[in-house]
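Some notes on the structure that comes next.
The values are calculated or read from the model by the stated rules, or taken from the named source; none is laboratory data. Please read these numbers as outputs of a predicted model, since none were measured by experiment. Cβ placement follows ideal geometry from the backbone for every residue including glycine, while neighbour counts extend to all protein chains displayed. Just so you know, the surface numbers come from the protein's heavy atoms only, side chains and all, with ligands and any DNA or RNA stripped out. Shrake-Rupley method; radii C 1.70, N 1.55, O 1.52, S 1.80 Å.
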Amino acid sequence: MNGPAKLAPTWSARVVDAALRLCVDFPRLTIGVILLLTFWAIFQLPKITTDTDPENMLEPDAPVRVSHESTKRTFGIHELIVVGFESERDLFNVEDLTKLFRINRETLNIKGVIIPDVLSLVTTDTMRKSGDTLEIRKLLEHPPQTQEDVRQLKETLLGNPLFREKLISQDGRRVAFYIPIERKEIAARVTREIQALVDKEPGITAKVAGLPMAEMVFGEEMFLLMGVLSPLVMLVIAVGLWLLFKDWRLIVAPLLVSMLSVLWTMGLLIGLGHPVHIMSSMIPIFLMVTGLADGIHILSQFYDVYPRYGDKRTAILETMKELYSPVLYTSYTVMAGFGSLMLVNIPPVRIFGLFVAIGVFAAWILTVTFLPAFMMLLNEETLKRHWKGEVATGGLLVRVADWLGRLGMARSWGVLLAGIVVLALAAYGMEQNRVNDDPVKWFKASSPIRQANRLMNQQFGGTYMAYLVAEADEPDAATRPEVLRYLDELQREIGQDPRVGKTTSLTDILRWINRVLTGKDELPRSQEMAAQYLFLYLSSGGSPDTLDNFVDYGYQRLNIWLQLKTGDNQDMIEVMARVNRYVVAHPLPGVRVEMTGPTYVNVVWQQVMVTGMLGSFAGSVVTVLLIMVIEFRSLLWALIGVVPLLITIFVSYGLLFFIGKEVDMPIAVCSSLALGIGVDFAIHFIFRFRERFRQERDLQKSLRWTFGEPAVGILRNALILCLGFAVMLAAPLGPYVTVGAFTAIDMLVGALATLLLLPALIVLLRRVLLAKEA
């Protein structure tokens, strides 16, 4: 009964057995070929290009992107960086405003800043009446000379609704600049250069906010952090492996398999010209899990087999023969699951799914070639000297596995009922979950970016931009009194929403001109008067760029700027719902309204991302189920096999509701991680149990044996990877904390679900399950 396991006499088994013997007999040649492939992959890495723009989650021809780009072109809108300035005292004094004047002037010299559209003290127009015309000048044409100049400037800013809470804060002590840039990719660089200018002026501090800056800084830090965290996670895992196996030489093998699979995959991705996006930057993390999992199973089995033979070659061959099938089945099941992501209508997710599948295949190739070849190069005497029975059997883990097995077998109904209760609670939590995200919240609450964002949205109108575009059926409709009144009333309705800090449109400019000319805060009463006001403004030296942001050249499309105080998806959705309710209740014939802007685009891509990932996960589960039916040649065994997977995903996602966490982009990504973990443990357990039962023909003996080395291998996997990825909880970026926490939770839940529920189900369904086992 304890003899070496035999592979089924299939053509695939014979091919793998021959290849395995070739790798064992010629280990240096095998490693040499693998190193050549690795060098090729390494040479591709310098060609790396990155894409940190979340908008690229959507297809280029997605309606929301097309509409957003059209709005930007029509109204001359660009990505904005919002910079708030303050000093230890009230900023409105001669000395500090002089410093601010210099910073403002130098900011205009930064490459990539679109000077005509900068909104600041130096670039923004103010006006006063001069006879029958307007006198237009800049708010701050030169540094203030006296405190009286400062007082007048402050009064002008606070007295104009266009400037209040936009250029000057609520408390009148801070100033904000709105810096448009040529493209989002330069946001982080421009931010650093602005900060460098501020550092030259003692006493002045700057708070930089805005989605473009946050998204691009996150992108830069994300890649740097991946370079730090990946080796750190590997180091912790290496220490964990050493504590279990006490032999550095042996544990290097699975670590190298994981590392090489990452190099091959990323080298291929970069070599084929794909940019590394936010999604694909997480490929190494996923491959570390799948690559190490099989290696740890093999390492555990080798320690169980080696003392029987005392010969490494025989032990390696028998280990690989016994684990070849579960490792193969696990690998191509996970490949199919990730491969199904290619059906998602999100370009980076398709690339992510494809290359994780390729990486899993690479890890399998390395596991059955490199791993045995590397182990063959180990010194035989060293292996014998370092092998100890207690270490090899796992010590405490053996006792834990035995206790779990006895519990699952002896208390089958209790375990099953407890599982059902947990599943019901998790399902309730999942039902209560809601999708909500804000890229700024990808940074921790203590991050300077989060702190700056919080202060800016408290003191100013808001740093999250959205645009409500009203389009009329006819040219020149924008100056008609009924259209202007409708727009004005719509603005007032939106402005009552506490999520919206400020709105600005053509009506505000016309009201301003009317106040200056007549002293009345009202809109022009006729289309002719509105046209005259705009002509007067432009002919008096007013900036055309100011008008361009709010109305097109044909006066057919109008744009309302919305400044939101929060970037949460749900808040943007509530604002849109408010707009829709008003438009439905108060329709204006011949005028249509459409929401666009970066905050709205974020809502769309994040919803598409989250719903797409979760939807594809459902498809992946079905795919995994079908493959398990083929693997196990039994629908019932396949259904039992997906139980740990479903428990893992339900518990981890249901837990979100109970801890007050909403579903965001990083959490959606983790659904794929749960797939690999749940499938791996279940397939190993079921395959090893069934093989043993065919030999023993005794349920209790077969289950007790399965709760020996196979169960210990599962616990080792869960424990080591859980500890390794727990390191990510200390990361400064939220998505990495999320991935680390989810991986740790998934590992523990997946292992417990496998080792408790599977034996309970096998015992309860033994008559049906085992009737056809040969």
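Here's the picture: charge each Lys and Arg Cβ at +1 and each Asp and Glu Cβ at -1 in region 689-757, and of Trp705, Pro732, Cys722 the one pushed furthest to the positive end of that dipole is Trp705. The simple spin-label model puts a point 7 Å past each Cα toward its Cβ; for Ser130 and Leu158 those points are separated by 2.8 nm. Dipole magnitude for region 458-534: computed about the Cα centre from +1 point charges on Lys and Arg Cβ and -1 point charges on Asp and Glu Cβ, it is near 420 debye.
Here is the list for region 84-128: GluC sites (Glu not before Pro) lying in DSSP coil, each with at most 13 other C-beta atoms within 10 angstrom of its C-beta, are Glu88.
The packing ranking, built from the mean of other Cβ atoms within 10 Å per residue, places the peptides 432-439, 286-293 in the order 286-293, 432-439, highest first.
Rounded to the nearest 20, the Cβ-based charge dipole of the chain about its Cα centre (Lys and Arg +1, Asp and Glu -1) stands at 2900 debye. When the alpha carbon gyration tensor of region 161-250 is reduced to an equivalent ellipsoid, its three semi-axes come out at 46, 15, 13 angstrom, largest first.
Considering all different alpha carbon pairs of region 633-738, the Kirkwood hydrodynamic radius works out to 15.9 Å. Simple rule: put +1 on each Lys or Arg Cβ and -1 on each Asp or Glu Cβ in the chain, find the dipole, and look at Leu752, Phe85, Phe657; the Cα lying farthest toward the positive end is Leu752.
Given a Förster radius of 60 Å and the C-beta distance between Arg592 and Leu765 as r, what FRET efficiency does 1/(1 + (r/R0)^6) yield to the nearest 0.05? It would help to have the intermediate numbers written out before the result.
Numbers: r = 60 Å, r/R0 = 1.00.
Given R0 = 60 Å and the Cβ-Cβ separation, E is 0.50.
The shape of region 677-741 comes out prolate: with a ≥ b ≥ c from the C-alpha gyration tensor, a/c is at least 1.5 and a/b beats b/c. Shown in residue order for region 239-245 are the 3J(HN,Hα) couplings computed by the Karplus curve 6.51 cos²θ - 1.76 cosθ + 1.60 at θ = phi - 60°: 5, x, 5, 5, 4, 7, 10 Hz (x for Gly and Pro). From most to least packed by mean Cβ count within 10 Å, the peptides 68-77, 371-380 give 371-380, 68-77. The alpha carbons of region 604-648 give a radius of gyration and a Dmax of 13.2, 42 Å, in that order.
Between Ala726 and Met529, 0.36 nm times their residue separation minus their Cα-Cα distance comes to what?
Numbers: separation 197, 0.36 × 197 = 70.92 nm, distance 6.69 nm.
So the chain would gain 64.2 nm between Ala726 and Met529.
On a C-alpha basis, how far is the centre of region 330-359 from the centre of region 192-216 in Å? Whole number, if you could? With region 330-359 and region 192-216 each reduced to a Cα centre, they are spaced 40 Å.
Evaluate the Kirkwood expression for the hydrodynamic radius of region 242-287, namely the inverse of the mean inverse distance over all pairs of different C-alpha atoms, and round to one decimal in Å. Every distinct Cα pair counted, the radius reaches 12.1 Å. Extension gain, Arg492 to Leu45, is 155.5 nm, computed as 0.36 nm per intervening residue step minus the present C-alpha separation.
Asn93 to Lys520: FRET efficiency via 1/(1 + (r/R0)^6), r the Cβ-Cβ distance, R0 41 Å, to the nearest 0.05? Could you put the intermediate results ahead of the total?
Numbers: r = 34 Å, r/R0 = 0.83.
So, using R0 = 41 Å, E works out to roughly 0.75.
One Cα centroid belongs to region 412-448, the other to region 536-573; the line between them spans 41 Å. When the GluC sites (Glu not before Pro) in region 494-585 are filtered for DSSP coil states and for at most 16 other beta-carbon atoms within 10 Å of their beta-carbon, the remaining sites are Glu522.
What does the convex hull of the Cα atoms come to per residue for region 543-652, in Å³?
Convex hull volume per residue, Cα atoms: 194 Å³.
Going by alpha carbons, how many degrees (0 to 90, nearest 10) lie between the helix axis of 312-339 and the longest principal axis of the chain? Approximately 30 degrees, to the nearest 10. Charge dipole (Cα centre; +1 on Lys/Arg Cβ, -1 on Asp/Glu Cβ; no other charges) of region 472-626 amounts to roughly 300 debye.
Residues whose amide H falls under 5 Å from that of Phe443, counting only those 5 or more places apart or on a different chain, are Gly734, with hydrogens built in the peptide plane.
Between Lys444 and Gln570, how high is the FRET efficiency from 1/(1 + (r/R0)^6) when r is the Cβ-Cβ distance and R₀ = 22 Å? Nearest 0.05.
On the way: r = 21 Å, r/R0 = 0.95.
With a Förster radius of 22 Å, E is 0.55.
Compared with the dominant Cα axis of the chain, that is its longest principal axis, helix 347-376 is turned about 30°. Over the residues of the chain, the helix contribution to mean residue ellipticity at 222 nm works out to -21500 deg cm²/dmol, using -39500 (n - 2.57) for each DSSP H run of at least 4. Fully extending the segment from Phe26 to Arg102 would add 20.3 nm, taking 0.36 nm per residue of separation and subtracting the current Cα-Cα distance.
Treating the Cα atoms of region 167-316 as identical point scatterers in vacuum, please give the log10 of the normalised Debye intensity I(q)/I(0) at q = 0.10 Å⁻¹, two decimals. With no solvent term, the Cα-only Debye profile gives -0.60. Rounded to the nearest 10 degrees, the inclination of helix 283-309 to the longest alpha-carbon principal axis of the chain is 10 degrees. Highest mean packing first, where packing is the average number of other Cβ atoms within 10 Å per residue, the peptides 579-590, 724-735 line up as 724-735, 579-590. Of the trypsin sites (Lys or Arg not before Pro) found in region 84-161, those that fall in a DSSP loop while having at most 12 other beta-carbon atoms within 10 Å are Arg89, Lys111.
Rank these residues by their accessible area, most exposed first, probe 1.4 Å: Trp637, Trp705.
The residues order as Trp705, Trp637, largest area first.
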